[in-house]
Amino acid sequence: MSRFAVAVTSVVLALGVSACGGTAAPAHSTGAGAPAVPDRVEPLAPAPVPALPATVASADGTRVTVASADRVIPLTGSLNEIVHTLGLGPRVVARDITATFEQAADLPVVTRGHDVSAESVLSLHPTLVLAETTSGPAEAIQQIRDAGVPLLVVAPAKSLDDVAKRTGTVAAALGVEEAGAQLNERTAKRIAAARQGLPASGKKPRVAFLYLRGTASVYLMGGSDSGAGSLLEAAGAVDTGPESGLGKDFTPITSEALAAAAPDAILVMSKGLESVGGVDGLVKIPGVAQTPAGMDRRVISVDDGVLLNYGPRTDQVLASLITQLYGKAS
C-alpha cells in the first residue's frame, strides 16, 4: 500500500466509514479531451542479467543480502511496476492487488495493501520480497524474514524527486544497477519532454486534489502531504490544498474549504469520479458547484493505479495533466 493509501485510510477510519475496495480500473481518463495512460509498462530491452549476490540498505535500518532474483514478489503495485520496467518481469511470481497493469494482471494476488499474507507469499518460494514502509501487518513481514527470505523495505514515494531513488534501490537489490541508471535516464528525459508542453507564460491554474469514494460517502481534499503537490507543481499549477492552509494529508471536504481554495480545476482519480456519478455527480457535492472549477465543469481525471505512483510511467501522468490543464499542443 502506498503512503497515499495509508493516509486516506487513516482519515476514513477517523470518519467512521471505509472506502470502497477492489482493483484499480484499467487506465483511462474521463476529463474532457484527456489522453489515456496505457495500462501497461514499457520494459527495458534487452532484459538485464542480475549480477548477484548484492547487499543493500533497507529503509527499516537493516541490510539485506540478495543471492537470487529468480522469484521476486513485490508487495505493492508501484514496486511491481519498477521490476517489470527494469526488464525483469518474467522473474515476478506474484502481485499486490494494486498491480493492475497488463503484464502483471495474471499473477496471483498475495497481498491487498496492508493485508499481506505471509503464508501465500512463502508458498511461492520467493528468493526476494520487496516491501514498503507501509506494508504490513508487521507480524507478516517478520514471518517472511524468519523464514529466511531476503526482504527489502523501500521508502515510499512522496514526490518526483523520489522516482530515481526508488528505481535505483530496487535495481541495486536485483543486481541490475546499470539498468537502473538507464531507466532513470529514460524517465528523466521523458518527464522533461512532457514539461515542454507547458505554456511559456500566464497565470498558474489553481488545482484542488479531491479523493472521492461515493459509495462510502468519503469526500476528502488533499493538503500539504497528499502526494499530489509535486506533480501539480511540475505541471505548472498551484496545489490549492496547502496554499489555502490545509496542513494534513487529507481533510473532509467542506463548502468553506472549497471556497477558500477557489480552484480553477479539480484533480480526481478516475475510479473516484466514477463512484460519484461522473462530473454531474461531482458538482452536486456541497461547495463544488460554487468554485470556478465547478462552474466551468473543469475536471482532470487520471487512473488510480498510476497517478501517485511516482515511477516509470510518471511522465505519462504528467503529460496527461498538462494536456487536460492547457489543452493539446498545437
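In the set (1) open to solvent by 60 Å² or more (accessible area, probe 1.4 Å); (2) under 22 Å from ASP162 (Cα atoms); (3) touching a helix residue (DSSP H, G or I) at 6+ places or on another chain (Cβ under 9 Å); (4) at pLDDT 95 or above, the condition left unmet by GLY61 is number (3). A single entry from VAL306, VAL299 fulfils the requirement of being modelled with pLDDT under 95 and not aromatic (Phe, Trp, Tyr): VAL306. Applying the condition of being in contact (Cβ under 8 Å) with a residue 60 or more places away in the chain and within 22 Å of VAL49 (Cβ to Cβ) to the stretch 72-83 and asking which residue is surrounded by the most Cβ atoms within 10 Å (Cβ to Cβ) yields LEU79. With respect to the numbered conditions (1) within 20 Å of LEU44 (Cβ to Cβ); (2) open to solvent by 10 Å² or more (accessible area, probe 1.4 Å), which one is the sole condition not fulfilled by THR98? Status for THR98: all satisfied but (1). So which helices (runs of 4 or more DSSP H) are wholly in the stretch 217-294 and hold at least 3 residues that are buried (at least 19 other Cβ atoms within 10 Å of the Cβ) and in contact (Cβ under 8 Å) with a residue 60 or more places away in the chain? Where helices (runs of 4 or more DSSP H) fall fully within the stretch 217-294 and carry at least 3 residues being buried (at least 19 other Cβ atoms within 10 Å of the Cβ) and in contact (Cβ under 8 Å) with a residue 60 or more places away in the chain, they are 229-234, 270-275.
Residues in the stretch 315-329 include none that are among the acidic types (Asp, Glu) and in a loop (DSSP other than H, G, I, E, B). Close Cβ contacts (under 8 Å, 6 or more residues apart or on different chains) running from residues in the stretch 306-330 that are more than 21 Å from THR100 (Cα to Cα) and of a type in the set (S, T, N, Q) to residues that are modelled with pLDDT of 95 or more and open to solvent by less than 30 Å² (accessible area, probe 1.4 Å) comprise GLN324/ALA265; GLN324/ILE300; GLN324/SER301. Within the stretch 134-158, can you find the residues that are open to solvent by 60 Å² or more (accessible area, probe 1.4 Å) and touching a strand residue (DSSP E or B) at 6+ places or on another chain (Cβ under 6 Å)? Within the stretch 134-158, ARG145 is the sole residue that qualifies.
Which one is most open to solvent (accessible area, probe 1.4 Å), of the residues in the stretch 299-326 that are of a type outside the set (A, V, I, L, M, F, W, C) and within 14 Å of ALA237 (Cα to Cα)?
Just the residues of the stretch 299-326 that are of a type outside the set (A, V, I, L, M, F, W, C), to begin with: 301, 303-305, 309-316, 320, 323-324, 326.
Imposing the further condition that a residue be within 14 Å of ALA237 (Cα to Cα) reduces the set to 320, 323-324, 326.
Details: SER320: 1, THR323: 34, GLN324: 23, TYR326: 73 Å².
Per the criteria, the residue is TYR326.
The values are calculated or read from the model by the stated rules, or taken from the named source; none is laboratory data. Values in this document were obtained by computation on a predicted structure and should not be read as measured data. Virtual Cβ from ideal backbone geometry, glycine too; neighbours counted across all protein chains shown. These accessible areas exclude ligands, DNA and RNA; they are computed on the full protein's heavy atoms, side chains included. Shrake-Rupley method; radii C 1.70, N 1.55, O 1.52, S 1.80 Å.
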